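The next block holds one structure in the form of structure tokens; read it before the comments.
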Amino acid sequence: MTNVWDERAEDYRTSAIHSEGEDLDLTVEWCEPGPGVTVLDVATGGGHVARRLREAGATVVTVDPAPGMQPDVIGPAEHLPFADGSFDAVACRVAAHHFADVVAAVKEMARVARHRVVICDNTFVSETSEQADRLRDPSHVRNYGVAEWHSFFELAGLRVVDERHMERPLEIGPWLDRARTPAEDRPRVLELLGDRVRNGWMPLPTLVIKGVHA
Ligand SMILES: C[S@@+](CC[C@H](N)C(=O)[O-])C[C@H]1O[C@@H](n2cnc3c(N)ncnc32)[C@H](O)[C@@H]1O
């Protein structure tokens, strides 16, 4: 079966909002990369976290269920094919809202991390915005609120040691194009987003959260 992500791989490699940003800088910094540090990049997509971690000297393994993303290892976040404590750090950026079982995924990340887990994702705005996300991309499962993220970390045995909230500027046209949203659905997506969209851009609330083994 073709994974929708295989068809989108090139768009995510070249996407502006994925290849740079304060959220990417922080995700990488909080993994504390450097020579001798091992990091697993979960749901690597276009590989931007992995690229930046490698530039900082870390040894990185990438994992993603979509072969088209060309990860080092193919697999879902809910079942990571690695032994307990295989990596110093585990990173996962702007992907958890696609996971079928986010709690299982965070538990898996905690299991394979010897020390720290850094997750970055869009946060919940409203049920109407969730409808917009699902219509734009049926592989969208759910954005979570900050309190939910804290509970996921707690359930995984991780103590939150740092978190930062920010708004990433998202350009609507390329966002719809990346998900191949049918032309007939686009007006309804915009209607559901309402006044969140201004002049073709939307601020995307985002959380970067870091946990260590409690
Ligand atoms: C938006 S892209 C990730 C972006 C990338 N991490 C970055 O920083 O640019 C979302 C990725 O999540 C992956 N994905 C979807 N479901 C997944 C799952 N259950 N487990 C792990 N990865 C998943 C997709 O294959 C896709 O590569």
Response to the item:
In degrees rounded to 10, the 0-90 angle between helix 102-112 Cα long axis and the longest Cα principal axis of the chain is 30 degrees
Discussion item. Tell me the angle of helix 146-155 to the major Cα principal axis of the chain, expressed in degrees between 0 and 90 and rounded to the nearest ten.
Written reply: 30 degrees
Worksheet item: Got the relative contact order for region 1-73 handy, in percent, Cα pairs under 8 Å and 6 or more residues apart?
Response: 33 percent
Worksheet item: Where both residues lie in the chain, what percent of DSSP beta bridges are antiparallel, nearest 5?
Response: 55 percent
Worksheet, complete the sentence: Other residues with Cβ under 12 Å from the Cβ of I172 give, with Lys and Arg +1 and Asp and Glu -1, a net charge of +3
Worksheet entry | Percent RCO, i.e. relative contact order, over region 48-88, from Cα pairs under 8 Å lying at least 6 residues apart | 24 percent
Response to the item:
Most packed first (mean Cβ within 10 Å per residue), the peptides 43-55, 70-82 order as 43-55, 70-82
Practice prompt. With the cut-off at 26 Å, report for region 1-130 the share of all Cα pairs above it, as a whole percent.
Written response: 16 percent
Worksheet entry | Förster radius 41 Å - calculated FRET efficiency between R186 and A147 (Cβ-Cβ, nearest 0.05) | 0.80
Worksheet entry | Residue-wise HN-Hα coupling along region 41-50, computed from phi with Karplus coefficients 6.51, -1.76, 1.60 (Hz; x: Gly, Pro) | 9, 8, 6, 5, x, x, x, 6, 5, 4
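Using the alpha carbon gyration tensor of region 45-107, what are the three equivalent-ellipsoid semi-axes (square root of 5 times each eigenvalue), largest first, in whole Å?
Calculated on Cα positions only, the semi-axes equal 18, 14, 11 Å.
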Discussion item. Counting only helical runs of four or more DSSP H residues, what would the 222 nm mean residue ellipticity of the chain come to if each run contributes -39,500 (n - 2.57) and the total is spread over all its residues?
Written reply: -10000 deg cm²/dmol
Worksheet item: What is the helix-to-structure angle for 127-136, meaning the angle in degrees between its Cα long axis and the longest Cα principal axis of the chain, kept from 0 to 90 and rounded to the nearest 10?
Response: 90 degrees
Item to complete: Would you list the P(r) distribution for region 66-214, with all Cα-Cα distances sorted into 5 Å bins from 0 and each bin expressed as a whole %?
Response: 2, 9, 17, 21, 17, 14, 11, 6, 2, 0
Practice prompt. Quick one: which residues, 5 or more positions from Y144 or on another chain, have an amide H under 5 Å from its amide H? H modelled 1.01 Å from N in the peptide plane, none for Pro or chain starts.
Written response: F124
Discussion item. Using the Karplus curve 6.51 cos²θ - 1.76 cosθ + 1.60 with θ = phi - 60°, what ³J(HN,Hα) values do you get for each residue of region 88-97, in whole Hz, with x for Gly and Pro?
Written reply: 5, 9, 10, 10, 8, 10, 5, 9, 4, 5
Worksheet entry | Length-normalised contact order for region 1-160 - Cα pairs under 8 Å, 6+ apart - percent | 19 percent
Response to the item:
From the Cα centre of region 45-67 to that of region 72-150, the distance in Å is 16 Å
Discussion item. Sort 88-99, 18-29, 195-206 by packing, meaning the average of other beta carbons within 10 Å per residue, with the highest value first.
Written reply: 88-99, 18-29, 195-206
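Bear in mind these aren't lab numbers, they're just calculated from the coordinates by the rules spelled out. Remember, predicted model here, so these are calculated numbers, not experimental data. Cβ atoms come from the backbone with ideal geometry, glycine included; neighbour counts cover every protein chain shown.
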